[in-house]
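See structure below.
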Amino acid sequence: MTDLPISTARLTLRAATVEDAAATWPYRRLPEVGEWITELATDEAAYGEKFADPERLASTVIIELDGVVIGDFMIKIQDAWAQAEVSEQAVRSQAELGWTLDPAHMGQGYATEAATALLEYCFETLGVRRITAICFADNAPSVRLIERLGMRLEQRAVKESLHRSGQWLDSLGYAILRDEWLSMRSAQTNA
């Protein structure tokens, strides 16, 4: 993601560096954040090692407000499934978005602002045709964000995700196509 940073009205979105582990650790270790992410950070050194993994760094976007890190987003560029004869057309044609925001900065529109900028970045700069987002059905803040972005619910998987609580939880899969996003943007511009 060498074409970052992106500036929005209030935020700067930039590629992650190894040094960002120290800035993301304070909120990534919080139980309320760990409730919904893949792995709860419990050891700062181990977290720093995982954060520094080149694959993770390549898919991590840091969100800053006035130079302070307030969150991190994931953009995983993927190949879409395709039959063999047309598989080259599916290379790097879709992206998955994910996010973690410092709870101290929730409820102020920052996640929506950053995610909207990343949708535009994925569609316009990276040239993907489809963006997905997956979350636990019980993760109400993520569900609200995804729906604010105009993504459509494509799948509800019943009790298919094992949560660290030991409970099997439902998950939701959302997506938006570039054409849908362009139509939505056009409607907002003309309103």
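In this structure, does ALA90 turn out to be free of Cβ contacts under 8 Å to residues at least 24 places away in the same chain, surrounded by 15 or more Cβ atoms within 10 Å (Cβ to Cβ) and more than 19 Å from ILE146 (Cα to Cα)? Yes, satisfied. Of all residue pairs spaced 6 or more apart or on separate chains, those with beta-carbon atoms under 6 Å, a first member in the range 15-44 that is among the acidic types (Asp, Glu) and a second member that is open to solvent by 20 Å² or more (accessible area, probe 1.4 Å) are GLU32/PRO103; GLU44/TRP25.
Residue-by-condition table, conditions (1) open to solvent by 20 Å² or more (accessible area, probe 1.4 Å); (2) closer than 20 Å to PHE73 by Cα; (3) without any contact (Cβ under 8 Å) to a residue 24 or more places away in the chain:
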{"site": "CYS135", "(1), (2), (3)": "no, yes, no"}
{"site": "SER142", "(1), (2), (3)": "no, yes, no"}
{"site": "ILE146", "(1), (2), (3)": "no, yes, no"}
{"site": "VAL158", "(1), (2), (3)": "yes, no, yes"}
{"site": "GLY166", "(1), (2), (3)": "yes, no, yes"}
{"site": "ASP170", "(1), (2), (3)": "yes, no, no"}
{"site": "ALA175", "(1), (2), (3)": "no, yes, no"}
{"site": "SER183", "(1), (2), (3)": "yes, no, yes"}
{"site": "ALA187", "(1), (2), (3)": "yes, no, yes"}
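Across the range 51-87, the qualifying residues are those that are open to solvent by 20 Å² or more (accessible area, probe 1.4 Å) and in contact with a Phe, Trp or Tyr (Cβ under 8 Å, 6 or more places away or on another chain), and the one among them that is nearest to CYS122 (Cα to Cα) is MET74. Could you go through the range 43-50 and let me know if any residue there is open to solvent by 40 Å² or more (accessible area, probe 1.4 Å) and of a type in the set (A, V, I, L, M, F, W, C). Yes, the conditions are met somewhere in the range 43-50.
Only residues that are in contact (Cβ under 8 Å) with a residue 60 or more places away in the chain and open to solvent by less than 60 Å² (accessible area, probe 1.4 Å) were counted in the range 5-14, giving 4.
When LEU4, LEU40 are checked against the criterion of being closer than 22 Å to PHE136 by Cβ, at pLDDT below 95, in contact with a Lys or Arg (Cβ under 9 Å, 6 or more places away or on another chain) and hydrophobic (A, V, I, L, M, F, W, C), LEU40 stands alone in meeting it.
The values are calculated or read from the model by the stated rules, or taken from the named source; none is laboratory data. Note that the coordinates shown come from a computational prediction; the quantities given were computed from them, not determined experimentally. Glycine gets a Cβ as well: all are built from the backbone with ideal geometry, and neighbour counts include every protein chain shown. Protein only, heavy atoms only, side chains kept; ligands, DNA and RNA dropped before computing areas. Shrake-Rupley method; radii C 1.70, N 1.55, O 1.52, S 1.80 Å.
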